[in-house]
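What follows is a structure written as structure tokens; I'll ask about it next.
The values are calculated or read from the model by the stated rules, or taken from the named source; none is laboratory data. Source: prediction; values computed, not measured. Cβ placement follows ideal geometry from the backbone for every residue including glycine, while neighbour counts extend to all protein chains displayed. The protein model used for the area step is the full one, side chains on, heavy atoms only, and it has no ligands, DNA or RNA in it. Shrake-Rupley method; radii C 1.70, N 1.55, O 1.52, S 1.80 Å.
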Amino acid sequence: LCKLLLTCGRDGSVDNHMEMGKKLLAAGQLADALSHFHAAVDGDPKNYMAYYRRATVFLAMGKSKSALPDLSKVIELKPDFTSARLQRGNLLLKQGKLDEAESDFKKVLKSNPSDKEEREAHSQLTKSDEIQRLVAQARSSFNDQEYVTAAAQLDTVIETCVWDVASREMRAECFIHMGEMGKAISDLKAASKLKSDNTQAFYKLSTIYYDLGDHEMSLNEVRECLKLDPDHKQCYSHYKQVKKLNKQIHSAEELMQEQRYEEAVSKYEAVMVTEPKVHHFSVLAKERICHGLTQGQKASRAISVCSEVLHWNPENVNVLKDRAEAYVQEEQYEEAIKDYETAAKHSENDRQIKEGLERAQRLLKQSQRRDYYKILGVKRTAQKKEIIKAYRKLAQQWHPDNYQDAEEKKKAEKKFIDIAQAKEVLTDPEKRTKFDHGEDPLDPESQQGHHHQHFHGGFQGFNPFGSGPFNFKFNFN
């Protein structure tokens, strides 16, 4: 090889390039072989063997499109070259160009072929006849809207005609009518690669992805269409719609990340206005609205929207988690537990579900005992100012000095202690966090052995408001 390379370097004759190309081809060095056959063709455009060798390399590299014109040139220069004609017939058959393929196979049979070539030509001619019949049947089935039958017939066609764009596009249409969108996408992607200017395949792909709710892929495919034809009316119109929707969804998600939940919800409501007809986008928007409302502490509305999404898809784990959290915010702990348990069935190793379930169970147990929020009559989402305001009002109402009757005073004392305890816990961030996670910071049992002296043992001996047991003096703080 080294000697031949040196010779080709000194003497670039066609024969030297042909010899070197053959050696490199035999050694499996296809790219190097190809460069020598290119040189041979350039050196002698009438050398049919140079074209034939180059076609052989193209085929070995899987570049059948490049091989086909070389084989045609071989046949033009030497019409009785049966091997080239047989190879071209096989390529044309794979492309679904059945009439042209049959013409080549018939000419092979008339050109004094070898026994092997004759057998292959007969076999391929028979196969081509069968494919012609199947294609006609598939078209008839498709026109009669018998899409399952047509798809099955086209399966057989495509087994042989693997590069046949028309058959793949027809089968894709069958799959669309059958609801087999994944298979339709596969065929259309193949069609877009097999035909270099296939704008319609890209447009169809974009619309399928859009109808499936995949705005990113829809945008990618319609952009490919416009690269081929910037003035394509269908693609441009569709591009404007997808781009607008895509921008709204991205903007909504950015707002979610910034915890601007109210604005995010509004943006997703705008998504449903932009595209009111595609069910997948309605579901996506409402799923994210459900999440935004839950995170924004709009529990009642969140439950309504989440429930609507779960009506469409009862196994949506994210929505089950969001609705469970909204139920917790509404203190509907049993409902929250049900949602977390359902979510756990579909996502066993989700740590968030496990922690949420445990928290809801603790809060349910806690609600059956003492609830500081209920004592003050405030929501779990109440701010510190609201808590102090409620505390002041109730403390004034239930101050024991307001009662003269012994029984009423005793009742007021107990109530007053509960109010003071509630204020202590809910205005202390650390204690409130513990309580919100189902742990009572003033309950020794809940503290698992940690001893607290707050408000235990009755009123005697403890008075945060004055010096004597019933001399209540306090500041509202």
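Give me the pairs, please: first residue somewhere in the range 163-189 and of a type in the set (Gly, Ala, Ser), second residue anywhere and in a loop (DSSP other than H, G, I, E, B), beta-carbon distance under 8 Å, and either six or more positions apart or on two chains.
If the second residue must be in a loop (DSSP other than H, G, I, E, B), the pairs left are 166/96; 167/96; 167/161.
Which condition does residue 406 not pass, out of (1) open to solvent by 40 Å² or more (accessible area, probe 1.4 Å); (2) small (Gly, Ala, Ser); (3) within 18 Å of residue 433 (Cα to Cα), if it passes all the others?
Result: residue 406 fails condition (3) only.
Can you name the residue in the range 203-233 that is more than 29 Å from residue 286 (Cα to Cα) and part of a helix (DSSP H, G or I) and, of all such residues, is most open to solvent (accessible area, probe 1.4 Å)?
Here the residue is 233.
May I pose another question? Out of (1) touching a residue at least 40 places away in the same chain (Cβ under 8 Å); (2) surrounded by fewer than 17 Cβ atoms within 10 Å (Cβ to Cβ); (3) in a helix (DSSP H, G or I), the odd one out for residue 352 is which?
(1)
Quick check on the range 136-167: of everything there that is of a type in the set (A, V, I, L, M, F, W, C) and open to solvent by 20 Å² or more (accessible area, probe 1.4 Å), which residue is nearest to residue 180 (Cα to Cα)?
148
Could you please find all residues in the range 363-384 being surrounded by 17 or more Cβ atoms within 10 Å (Cβ to Cβ) and assigned to a helix (DSSP H, G or I)?
The answer is 363, 364, 366, 372, 373, 375, 376.
Looking at the range 28-63, which of its residues are open to solvent by 60 Å² or more (accessible area, probe 1.4 Å), in contact (Cβ under 8 Å) with a residue 24 or more places away in the chain and not in a helix (DSSP H, G or I)?
Scanning the range 28-63 gives 46, 61.
Tell me yes or no: at least one residue of the range 415-434 is among the hydrophobic types (A, V, I, L, M, F, W, C), open to solvent by less than 80 Å² (accessible area, probe 1.4 Å) and modelled with pLDDT under 90.
Taking every residue of the range 415-434 in turn, none turns out to be among the hydrophobic types (A, V, I, L, M, F, W, C), open to solvent by less than 80 Å² (accessible area, probe 1.4 Å) and modelled with pLDDT under 90.
For the range 119-134, state whether one or more residues are of a type outside the set (A, V, I, L, M), under 26 Å from residue 90 (Cα atoms), under 22 Å from the mean Cα position of the chain (by Cα) and open to solvent by 50 Å² or more (accessible area, probe 1.4 Å).
Within the range 119-134 (the criterion being of a type outside the set (A, V, I, L, M), under 26 Å from residue 90 (Cα atoms), under 22 Å from the mean Cα position of the chain (by Cα) and open to solvent by 50 Å² or more (accessible area, probe 1.4 Å)), the answer is no, since none of the residues qualifies.
Within the range 176-191, track down each residue that is small (Gly, Ala, Ser), out of contact with any Lys or Arg (no Cβ under 7 Å at 6 or more places or on another chain) and part of a helix (DSSP H, G or I).
Within the range 176-191, 182, 184, 186 qualify.
Given the options 300, 347, 304, name the one that is without any contact (Cβ under 8 Å) to a residue 12 or more places away in the chain and surrounded by fewer than 18 Cβ atoms within 10 Å (Cβ to Cβ).
Just a single option satisfies the conditions, and that option is 304.
Take the residues in the range 265-287 that are among the β-branched types (Val, Ile, Thr) and within 19 Å of the chain's Cα centre (by Cα); name whichever of them is farthest from residue 238 (Cα to Cα).
Residue satisfying both the conditions and the ranking: 283.
Conditions first: (1) at pLDDT 95 or above; (2) closer than 30 Å to residue 79 by Cα; (3) in a loop (DSSP other than H, G, I, E, B). Residue 111 passes all but one, so which condition is the exception?
Going through the list (1) at pLDDT 95 or above; (2) closer than 30 Å to residue 79 by Cα; (3) in a loop (DSSP other than H, G, I, E, B), residue 111 breaks only (1).
In addition: For the range 69-78, how many residues meet the condition of being in contact (Cβ under 8 Å) with a residue 12 or more places away in the chain and either surrounded by fewer than 19 Cβ atoms within 10 Å (Cβ to Cβ) or of a type in the set (Lys, Arg) (or both)?
4
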